[in-house]
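Everything below concerns the one structure shown next.
The values are calculated or read from the model by the stated rules, or taken from the named source; none is laboratory data. Computed from a predicted structure; not experimentally measured. All Cβ positions, glycine included, derive from the backbone under ideal geometry; neighbour counts span all protein chains shown.
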């Protein structure tokens, strides 16, 4: 019996001319959609990412285990001064992290990215994203485009499907967390804050509507333009703020520390509820992959959690000349990735497999020495065939690398986001694309 993905490919193959026309129409709808990130149109392929209900259930269990371990790490950081030294955070950041909690949930929102082998169901984690976790809008808009395609209409006659919902669910989770803080207001004013560049952010606008639907006032604000006076935080237009949905990632805040002092002051004095708070940086910083396998972490985890880490967290260490030589990194580039300790959107990530020769790889590694880089075991991503019928006239099926994002809201698994690339590294600096993700609930009769 064909898998759902194989069946979908069969739809495309059965009448390639109709499929090409279908793909071209999908591209037209995509260009008219709100599937833009940083003013750039999201790229996608003809066949969506299809998971079965069983696979989704398995990925939820994976997500639950990893989330519980990350929470334990956050709690240990808060209580153990020796353990905190492993992270090496700036004293200003450490001070922000160690402020008393204003609500119980230590990790309100996260996207745990994993390399999931759909044949064997084996997996390795790639990175953990916290407050700045994004791409909810990409999934929603791509699913809208997909829903009107000829191929998907045929597919739905054989399979009952559903998709993840990321907006109203987050607003509800946010309000639930806010209501656990001291003296919550019935209809709080929420500010979605980031370093804005003046361009339209469709994702923020969608979240704004979701917050308003949940009974909140909501504004989108540049974190540098907030004002703090008389114990209240305000937008530049003097709208009072009760709670913040923080999309500004910690490294950007620390790099612009002096420019965001009103925000910092209100947070330090607990005059605004910050969701998520700075303790989320504990798991967002990529050094967490080294620390998870460290004896100091393993000592407070049970045997099942320790085994989970060794099986599914890639070996990671600090990149130094000594570790590069110890692991023969210059000669064995196929086995290694280097990445900055604190970055996002895969900025500065380099995999040896992407280099044409050892000389260029060695040069790149040596340039990263002394710049707070990590050395990590390379995990080959799962590959599956897809086809670019949206933008390529004579497209043919080709293998693409996959990565799976698992969203968690308020400690509960919320859904799946999918990215792919022609390269072995799936990032914006290479050939990253997004796919609409659908879950097959059950098969139906012809």
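A few remarks follow.
- Within the range 97-165, strands (runs of 3 or more DSSP E) holding 2 or more residues that are at pLDDT 95 or above and closer than 30 Å to residue 248 by Cβ: 109-116, 123-129
- Residue satisfying condition, being more than 21 Å from residue 172 (Cα to Cα), within 22 Å of the chain's Cα centre (by Cα), in contact (Cβ under 8 Å) with a residue 40 or more places away in the chain and buried (at least 17 other Cβ atoms within 10 Å of the Cβ), within set 211, 289, 207, 195: 289
- Selection from the range 160-186 of residues that are over 24 Å from residue 416 (Cβ atoms) and in contact with a strand residue (DSSP E or B) (Cβ under 7 Å, 6 or more places away or on another chain): 178, 181
- Apart from one condition, residue 412 fits all of (1) surrounded by 15 or more Cβ atoms within 10 Å (Cβ to Cβ); (2) modelled with pLDDT of 95 or more; the exception is (1).
- Condition check for residue 375: over 19 Å from residue 289 (Cβ atoms), surrounded by 19 or more Cβ atoms within 10 Å (Cβ to Cβ) and touching a helix residue (DSSP H, G or I) at 6+ places or on another chain (Cβ under 8 Å): no
- Of all residues in the range 42-61, those satisfying the criterion of being outside any loop (DSSP other than H, G, I, E, B) and more than 20 Å from residue 156 (Cα to Cα) are 57, 58, 59, 60, 61.
- The residues of the range 41-74 that are without any contact (Cβ under 8 Å) to a residue 24 or more places away in the chain and within 30 Å of residue 392 (Cα to Cα) amount to a single one, 41.
- Of residues in the range 16-40 being free of Cβ contacts under 8 Å to residues at least 40 places away in the same chain and surrounded by fewer than 13 Cβ atoms within 10 Å (Cβ to Cβ), the one farthest from the chain's Cα centre (by Cα): 17
- Residue 380, sole failed condition from (1) under 20 Å from the mean Cα position of the chain (by Cα); (2) in a helix (DSSP H, G or I); (3) exposed (fewer than 14 other Cβ atoms within 10 Å of the Cβ): (2)
For every residue, the table says whether it meets (1) under 23 Å from residue 134 (Cβ atoms); (2) in contact with a strand residue (DSSP E or B) (Cβ under 9 Å, 6 or more places away or on another chain); (3) outside any strand (DSSP E or B).
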{"position": "330", "(1), (2), (3)": "no, no, yes"}
{"position": "339", "(1), (2), (3)": "yes, yes, no"}
{"position": "353", "(1), (2), (3)": "no, yes, yes"}
{"position": "364", "(1), (2), (3)": "no, yes, yes"}
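- In the set (1) assigned to a helix (DSSP H, G or I); (2) more than 30 Å from residue 288 (Cβ to Cβ), the condition left unmet by residue 77 is number (2).
- With a requirement of 3 or more residues that are closer than 23 Å to residue 82 by Cβ, the strands (runs of 3 or more DSSP E) lying completely within the range 239-318 that satisfy it span 316-318.
- Listed by position, the strands (runs of 3 or more DSSP E) inside the range 172-231 whose residues that are in contact with a helix residue (DSSP H, G or I) (Cβ under 6 Å, 6 or more places away or on another chain), at pLDDT 95 or above and under 18 Å from residue 276 (Cα atoms) number at least 2 are 189-194, 217-222.
- Residue 278 vs. criteria out of contact with any strand residue (DSSP E or B) (no Cβ under 8 Å at 6 or more places or on another chain), closer than 30 Å to residue 172 by Cα and buried (at least 17 other Cβ atoms within 10 Å of the Cβ): yes
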